[in-house]
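Read through the structure below, which is laid out as structure tokens, and then see the notes.
Since every read-out is calculated from the coordinates, none of them should be taken as a lab result. Just so it is clear, the structure is predicted and the values come from calculations on it, not from any experiment. Here the Cβ is made from the backbone with ideal geometry for all residues, glycine too, and neighbour counts use every protein chain on show.
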Amino acid sequence: MTPPPPPTPPTRPEPPAPHRVVALLLPPQAAFPLSCASEVFGDHGPLVPARYAFEVCAERPGAVRTEAGYELLVAAGLDALERADTVVVPGWGPAAGSEVPPAVVAAVRRAHTRGARVVGLCAGAFVLAAAGLLDGRRAATHWSRAAELASRFPRVRVDPAVLYVDHGDVATSAGGAAGVDLCLHLVSADQGAAYATRIARRMVMPPHREGCQLQYAELPAAGPVADSLAPLLEWLGERLERPVSVAEMAARARVSPRTLTRRFTEQLGISPGRWLLDRRIAATRALLEETDLPVETIAHRVGLSSAVNLRRRFHEALRTTPAAYRRAFRAEKAGAARG
């Protein structure tokens, strides 16, 4: 008898393609916004699985001058934007009043029309505005250039206070470290809060920084920003598992509950109670993604007292249940592992 043919080995699915992020450099290139993007979307070594592919391009390949005094050698031209899932414009260094090159405007607009997400870090918002991507939309930029952006592009609703604004297809950030805030936020939206937290830990920084950039803007007189909420927010973030009333928050900040509520509204756009609930929901998401803890245990860890309360609050915030959220995240993670 002829022996049966050997069994056909199962076909392994192709691994998911990494999300391609292309940073568009414009001389004189600001070094720090570029570092923000490359640190978040670049390689993090064997301890963090690679889910992004990061590269840079310029209008003209070759040496690109930076504001720091050195040059970067860039091999790719604007055609790299045609294969980007996300286009990042890390800053805009030319002097006030300078025009964005027409070829850059056209390339950014084409990438957005094709479906790429376009992100402006710091003054990179000027490039997005020049391409018409911010018309009628709220946008962020460095506080020192907010008035200029609003004057040059009156159809853009410039918010000089926020750290970043994300519309899904278009996002902008304030200056400096707010670029990291926005990039980590995008990673959390793409890959989940737990993955973003792993990157943040590698960078030795919190995955979500609170406050607004008005805390850092120059003041007419010297001295600290007395109304800054940052110390209180840090204190609250370390005590999520404990019930904290607005009166206790106010006592900690040494102001009246009414004054505290006004400062939260001015600096964060929400009430103290809403801010605290948002942080508890974010902590719940991370625990659902990266642990097998029962919902009741998670509820106590994040200060929501009971599984019933957690489920209600979670559904109000995300329109899904903790169990469904965990199943969806695990299914996506399992698919990536099989790949």
Label Leu47 and Ala307 with points 7 Å out from Cα along Cα→Cβ: what is the distance between them in nm? 3.4 nm
So, with points 7 Å from each Cα along the Cβ direction, the Ala251-Ala106 label distance in nm works out to 6.6 nm
Defining a contact as two alpha carbons under 8 Å apart and six or more residues distant in sequence, what relative contact order in percent does the chain show? 12 percent
Run the numbers for Arg155 and Leu293: contour at 0.36 nm per residue of separation, minus the present Cα-Cα distance, in nm. 44.9 nm
Taking Rh as the Kirkwood radius computed over C-alpha pairs, what is the Stokes-Einstein D of region 28-136 at 10 °C in a medium of viscosity 1.306 mPa s, expressed in µm² per second? 109 µm²/s
Using alpha-carbon positions, what is the distance between the centroids of region 30-80 and region 98-152, in Å? 19 Å
Go through [x] -0.37, -0.58; [y] -0.45, -0.68; [z] -0.50, -0.74 and flag the label whose value is the computed log10 I(q)/I(0) by the Debye sum over Cα atoms at q = 0.08, 0.10 Å⁻¹ for this structure. [y]
To the nearest 20 debye, what is the magnitude of the charge dipole of the chain about its Cα centre, counting +1 on the Cβ of each Lys and Arg and -1 on the Cβ of each Asp and Glu? 1040 debye
Give the percent of DSSP beta bridges with both residues in the chain that are antiparallel, rounded to the nearest 5. 25 percent
Percent antiparallel among DSSP beta bridges confined to region 20-90, nearest 5, equals 25 percent
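Which of the chymotrypsin sites (Phe, Trp or Tyr not before Pro) found in region 27-134 are loop residues per DSSP with 16 or fewer other Cβ atoms within 10 Å of their Cβ? Mind showing how you got there, number by number?
Working: sites: Phe41, Tyr52, Phe54, Tyr70, Trp92, Phe126; in loops: Tyr70, Trp92.
Taking region 27-134 and a limit of 16 other Cβ atoms within 10 Å, the loop chymotrypsin sites (Phe, Trp or Tyr not before Pro) found are Tyr70.
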Interchain or sequence-distant (5+) residues whose placed amide H lies within less than 5 Å of the amide H of Val156 are Gly136
Provide the net charge surrounding Gly93, with neighbours chosen by a C-beta distance below 14 Å and charges set as Lys +1, Arg +1, Asp -1, Glu -1. -3
